[in-house]
1. Does at least one position in region 265-274 carry a residue that is closer than 18 Å to Asp166 by Cβ and in a loop (DSSP other than H, G, I, E, B)?
2. For Ser130, all conditions in the list (1) modelled with pLDDT under 80; (2) among the polar types (S, T, N, Q); (3) surrounded by 15 or more Cβ atoms within 10 Å (Cβ to Cβ) hold save one; what is the number of the exception?
3. Is there any pair linking a residue in region 251-270 that is without any contact (Cβ under 8 Å) to a residue 60 or more places away in the chain to one that is assigned to a strand (DSSP E or B) and of a type in the set (Gly, Ala, Ser), with Cβ under 7 Å and at least six apart or on different chains, and which?
4. Would you call Gly234 at positive phi and in contact with a Pro (Cβ under 9 Å, 6 or more places away or on another chain)?
5. Taking region 77-110, which residues are within 60 Å of the chain's Cα centre (by Cα) and either at pLDDT 75 or above or closer than 30 Å to Ala51 by Cα (or both)?
6. Filter region 232-250 down to the residues that are assigned to a loop (DSSP other than H, G, I, E, B) and of a type outside the set (Lys, Arg) and list them by number.
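The values are calculated or read from the model by the stated rules, or taken from the named source; none is laboratory data. Small disclaimer: the values here were computed from a predicted structure and weren't measured. Cβ placement follows ideal geometry from the backbone for every residue including glycine, while neighbour counts extend to all protein chains displayed.
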Amino acid sequence: MNAPVIIAIAIAAAVVLGAVSFITLARRSDVRGAGALSSETRRRDDVARSARAAAPETASEVDPPVAPRSAAEAEKTGELARYGSAVEPAPEPALVPFRPPDPEALGVSRRQFFNRATVTLTGTSILAFSAASMVAFLWPFGTGGFGSKVPIGKLSDIRSGITGGDGFFYVPQARTWVTEYPADAVAAAETVYDEALLPGMRRGIVALYQKCPHLGCRVPECASSQWFECGCHGSQYNRVGEKKAGPAPRGMDRFPVEISASDEVTVDTGIVIQGPEIGVNTTGQEAEGPHCVSGGEH
């Protein structure tokens, strides 16, 4: 699993978590306000107001109250004044043995539900991201493709391929052009190029990245001029990738080449070494025929 997949998983987890948090905050709480009256209280207030409306308007018309003789009589008097009749006491309910409630039958409020959902999704997202990171760290990366060391065959076969390709040998799995590097130019190369490139040059080959340093177009060969000539914007390079014309800021980028004791050649496409500066011309090769594209400005 590569870095873009991990980033995509992390973004997806963050989006899910943000959406759940937004919904949770937007939900209205089910808790009643502290000042709300119950239906029983409102009913009692209505009865009391009706009783007051039916009572005499002047104090002279009201019979003087009789002092209660006991608490029970006082309570009955209050009930008569409030409801118009005495309230019979409810029969005492029979005791029922306690049974613990079934956890599955207990109700869950909306607030509890969303709180638990938020915690669950947060934990799940963290675990998923951690698992993805661990897999990406432990998973072995594939070898043999572009971005790693690519075996391209025997040195003798590559030289035959260069000859058969009229000076150019293309390796698609490495996205590389392999061309001949002249033996008499090695001394000049040793003063210009990175040390990692010299082993291949000393054995007579150079591996060039197919991408143009200007804007990344694939640079084709031009059989007539024996140069590389980019059809996008006209950049031109000699056969070993040194810039000759066009808008490119440097020569073609290149890869280190490893040649084993048995002459097996490997191109390390995991290391891209920038091409030489403008003006470097270790081979002195000029165009050997008509150009395939116009070179534009130097």
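1. Within region 265-274, none of the residues are closer than 18 Å to Asp166 by Cβ and in a loop (DSSP other than H, G, I, E, B).
2. (3)
3. Arg254/Ala207
4. Values: at positive phi: yes; in contact with a Pro (Cβ under 9 Å, 6 or more places away or on another chain): yes.
Taking the combined requirement at face value, the residue satisfies it.
5. Matches in region 77-110: Val96, Pro97, Phe98, Arg99, Pro100.
6. As a first pass, look at region 232-250 and keep what is assigned to a loop (DSSP other than H, G, I, E, B): 232-235, 238-242, 246-250.
Hits for region 232-250 are Cys232, His233, Gly234, Ser235, Asn238, Val240, Gly241, Glu242, Gly246, Pro247, Ala248, Pro249.
The rows are residues; the columns are (1) among the acidic types (Asp, Glu); (2) farther than 23 Å from Ala245 by Cα; (3) in contact with a Ser or Thr (Cβ under 9 Å, 6 or more places away or on another chain).
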position: Glu180; (1), (2), (3): yes, no, yes
position: Thr191; (1), (2), (3): no, no, yes
position: Leu198; (1), (2), (3): no, yes, no
position: Tyr209; (1), (2), (3): no, no, yes
position: Pro213; (1), (2), (3): no, no, yes
position: Gly216; (1), (2), (3): no, no, no
